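The values are calculated or read from the model by the stated rules, or taken from the named source; none is laboratory data. A quick note: this is a predicted structure, and the numbers were derived from the prediction, not measured. Here the Cβ positions follow ideal geometry from the backbone for every residue, glycine too, while neighbour counts run over all protein chains shown.
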Amino acid sequence: MPSDHIVEVDGRHLKLTNLDKVLYPSAGFTKGQMIDYYARIAPVLVPHLRDKPLTLKRYPDGVNAEPFFEKNATKHRPEWVKTAPVWSEGNRRDINFILANDLPTLVWVANLAAIELHPSLALAEDITCPRTMVFDLDPGPPANIVQCCQVAIWLRAIFEHLKLQSFPKTSGSKGLQIYVPLNTKISYDETKPFAHALARLLENEHRNLVVSEMKKAIRANKVFVDWSQNDEHKTTVSVYSLRARERPTVSTPVAWEEVERALKKKDPTLLVFESHQVLERIEKLGDLFGPVLKLKQKLPGFPGMAEREPAAAASGLALAGQSGQSARTKQVRSARRR
């Protein structure tokens, strides 16, 4: 493949540059291969990016060199690349975020060596209304993704008590991320304290494995349940985004059965997927994260939630969990008698 190449993508002409540049030295994975991956994954990736302000994490010299984040869209962009102004309190001005709403824009973004894509949880037109609630499960060594699987299953059980569906994906790095689709009118003032309370509840019930504070000193061999991602000013790596690791791993949606199997076998490699494997999974499984885009769910309210008191709200969540556990125990006993 030549170093530079002019291509037509859905009627748009693009100049792709430095295609033979190796971005992942350990894997010999080139910029051309990265662009090819994003072009092929676009049918399932673009719907998860559409109309969401996008932060790029660019690696022009590859994954072993210093990257930089780019929020404000570069001035040297095609006129057809859509952007959305979002007010930045810190900068006291609008930031024009890219909207990766179509294949040509995604290919153009990839050509910038934007290996990692970090969208907002909200749409640009309603930036204070998150479409999902997210929990980033981050293991502190020697803990790994296997321990994250256990915490994820505890999380799922709480959501089931609350009649909420949740969807897991790998971070593509060290851990797991659990998404709870909402797609209803809600604010971060509701989702963030709810997530904080749930993290506190898990910590209270499983102190040997779970922490809800970011301090690295207390995270050794434990799983940090990062609730703070539920914030207007933060982003989480997109599903199907490549990660800047040693090899071209991808943040990959997985079935709960895969999470259970990795925990049972205690095998972290069962939840590591590189770009070619993800493309094969799409052919076989489709988009496991598809429901996250449309499933409408409402968060229940608990005492202390409105006042952002995570301890009080965690108590309410705990009582709800105990009620659900009690109901399930009665069902099991009844089934045994029958």
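Numbers below:
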| read-out | value |
| --- | --- |
| Options 99, 106, 137, 117: the member that is within 27 Å of residue 65 (Cα to Cα), of a type outside the set (Asp, Glu) and touching a Gly at 6+ places or on another chain (Cβ under 7 Å) | 137 |
| Residue list for the range 62-71, restricted to those being surrounded by fewer than 16 Cβ atoms within 10 Å (Cβ to Cβ) and farther than 19 Å from residue 231 by Cβ | 64, 65, 66, 68 |
| Given (1) closer than 18 Å to residue 146 by Cβ; (2) of a type outside the set (Ser, Thr, Tyr); (3) free of Cβ contacts under 8 Å to residues at least 24 places away in the same chain; (4) outside any helix (DSSP H, G or I), index of the condition residue 214 fails | (1) |
| Test for residue 104: is it surrounded by fewer than 23 Cβ atoms within 10 Å (Cβ to Cβ), in the same structural domain as residue 242 (by TED's automatic domain parsing) and modelled with pLDDT of 95 or more | no |
| Inter-residue pairs, beta-carbon under 7 Å, first under 13 Å from residue 248 (Cα atoms) and in the range 30-42, second in a helix (DSSP H, G or I) and not acidic (Asp, Glu), 6+ apart | 34/110; 35/107; 35/110; 35/111; 37/275; 38/106; 38/107; 38/110 |
| Selection status of residue 32, at pLDDT 95 or above and surrounded by fewer than 15 Cβ atoms within 10 Å (Cβ to Cβ) | no |
| Residues of the range 91-112 that turn out to be in contact (Cβ under 8 Å) with a residue 60 or more places away in the chain and either more than 22 Å from residue 44 (Cβ to Cβ) or not hydrophobic (A, V, I, L, M, F, W, C) (or both), as a count | 3 |
| Residue 174 vs. criteria under 16 Å from the mean Cα position of the chain (by Cα) and either buried (at least 23 other Cβ atoms within 10 Å of the Cβ) or more than 19 Å from residue 213 (Cα to Cα) (or both) | no |
| Pick from the range 35-56, criterion surrounded by fewer than 20 Cβ atoms within 10 Å (Cβ to Cβ) and not aliphatic (A, V, I, L, M), ranking: farthest from residue 122 (Cα to Cα) | 36 |
| Wholly within the range 91-162, strands (runs of 3 or more DSSP E) carrying at least 2 residues that are closer than 18 Å to residue 210 by Cβ | 132-139 |
